[in-house]
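The values are calculated or read from the model by the stated rules, or taken from the named source; none is laboratory data. Remember, predicted model here, so these are calculated numbers, not experimental data. Cβ placement follows ideal geometry from the backbone for every residue including glycine, while neighbour counts extend to all protein chains displayed.
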């Protein structure tokens, strides 16, 4: 079976395992003997039952399938990622929702989703325009976290902010340390949080910043201009999750 409009190639050991564990339909798995042994041990320990066809493959065949040197000896043909409708997320009302606004680098988006999962974020929202989608690169970079957190793709982040505010979410924007920002170290969350992280180069637009209840920042001590957006996301989410007792 080859890739079609309804399927895609997922690559990397953790990504393939988490897709299996997360419940996405897996049609066929290709792997080197050592990688297939690793996967067999992982699925047995996790109690995962798979019905996919499995084929032993050498490194050249795997490279021909995905053209990625970081495939770690494992490639799978799976159904394409299915986004969660925004209404379902709103109805579930998780404590923290991440709004990733115009994050165009798939590796940044994947790292942000990975941190979101580890910090107990209940959902991630991305815009349909000017944003990376959930692709195999994002799945790989997230270490498969995409399979364990609801992700919605919406037409308008500003409208989404409005809907969250209506449901008593406290909307947090992020910016470099300035006079009008609050350090994440000092910030005391109360109630549900909608955290907005902006584009890699420009950050959050002024139009969206104006819709935020507060703008928070991360203290900086060095000479570099700012944190990478995925690193900043991890720092802020850890602080919020700690303050909101999500790790307890």
Considering only segment 71-86, state which residues are touching a helix residue (DSSP H, G or I) at 6+ places or on another chain (Cβ under 9 Å) and within 15 Å of residue 150 (Cα to Cα). 81, 86
Mind checking which residues of segment 186-212 are within 19 Å of the chain's Cα centre (by Cα) and surrounded by 19 or more Cβ atoms within 10 Å (Cβ to Cβ)? 193, 194, 195, 196, 197, 198, 203, 204
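Can you find a residue that is surrounded by fewer than 17 Cβ atoms within 10 Å (Cβ to Cβ) and either in contact with a helix residue (DSSP H, G or I) (Cβ under 8 Å, 6 or more places away or on another chain) or under 25 Å from residue 150 (Cβ atoms) (or both) anywhere in segment 108-116? If you could, list the steps in order and put the result at the bottom.
The first filter runs over segment 108-116 and keeps only residues surrounded by fewer than 17 Cβ atoms within 10 Å (Cβ to Cβ), leaving none.
Checking segment 108-116: not a single residue is surrounded by fewer than 17 Cβ atoms within 10 Å (Cβ to Cβ) and either in contact with a helix residue (DSSP H, G or I) (Cβ under 8 Å, 6 or more places away or on another chain) or under 25 Å from residue 150 (Cβ atoms) (or both).
Which one is farthest from residue 228 (Cα to Cα), of the residues in segment 89-120 that are assigned to a helix (DSSP H, G or I) and touching a strand residue (DSSP E or B) at 6+ places or on another chain (Cβ under 8 Å)?
92
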Please give the number of the condition residue 70 fails out of (1) touching a strand residue (DSSP E or B) at 6+ places or on another chain (Cβ under 6 Å); (2) surrounded by fewer than 24 Cβ atoms within 10 Å (Cβ to Cβ). (1)
Quick check on segment 123-147: of everything there that is in contact with a helix residue (DSSP H, G or I) (Cβ under 9 Å, 6 or more places away or on another chain) and more than 17 Å from residue 233 (Cβ to Cβ), which residue is surrounded by the most Cβ atoms within 10 Å (Cβ to Cβ)? 139
Mind checking which residues of segment 172-212 are in contact with a helix residue (DSSP H, G or I) (Cβ under 6 Å, 6 or more places away or on another chain), in a loop (DSSP other than H, G, I, E, B) and modelled with pLDDT of 90 or more? 184, 189, 211
Can you name every residue in segment 213-245 that is in contact (Cβ under 8 Å) with a residue 40 or more places away in the chain, in contact with a helix residue (DSSP H, G or I) (Cβ under 8 Å, 6 or more places away or on another chain), in a loop (DSSP other than H, G, I, E, B) and surrounded by 15 or more Cβ atoms within 10 Å (Cβ to Cβ)? 218, 226
Could you run through segment 19-31 and say how many residues are surrounded by fewer than 23 Cβ atoms within 10 Å (Cβ to Cβ) and over 11 Å from residue 77 (Cα atoms)? 3
Report, by residue number, each residue of segment 90-107 that is over 15 Å from residue 146 (Cα atoms) and either in contact (Cβ under 8 Å) with a residue 12 or more places away in the chain or crowded, with 20+ Cβ neighbours inside 10 Å (or both). 90, 92, 93, 94, 95, 96, 101, 102, 103, 104, 105
Please find, among 123, 57, 132, 93, the residue that is within 18 Å of residue 13 (Cα to Cα) and modelled with pLDDT of 95 or more. 57
Every residue from segment 148-159 that is in a helix (DSSP H, G or I) and in contact with a helix residue (DSSP H, G or I) (Cβ under 7 Å, 6 or more places away or on another chain): 148, 157, 158
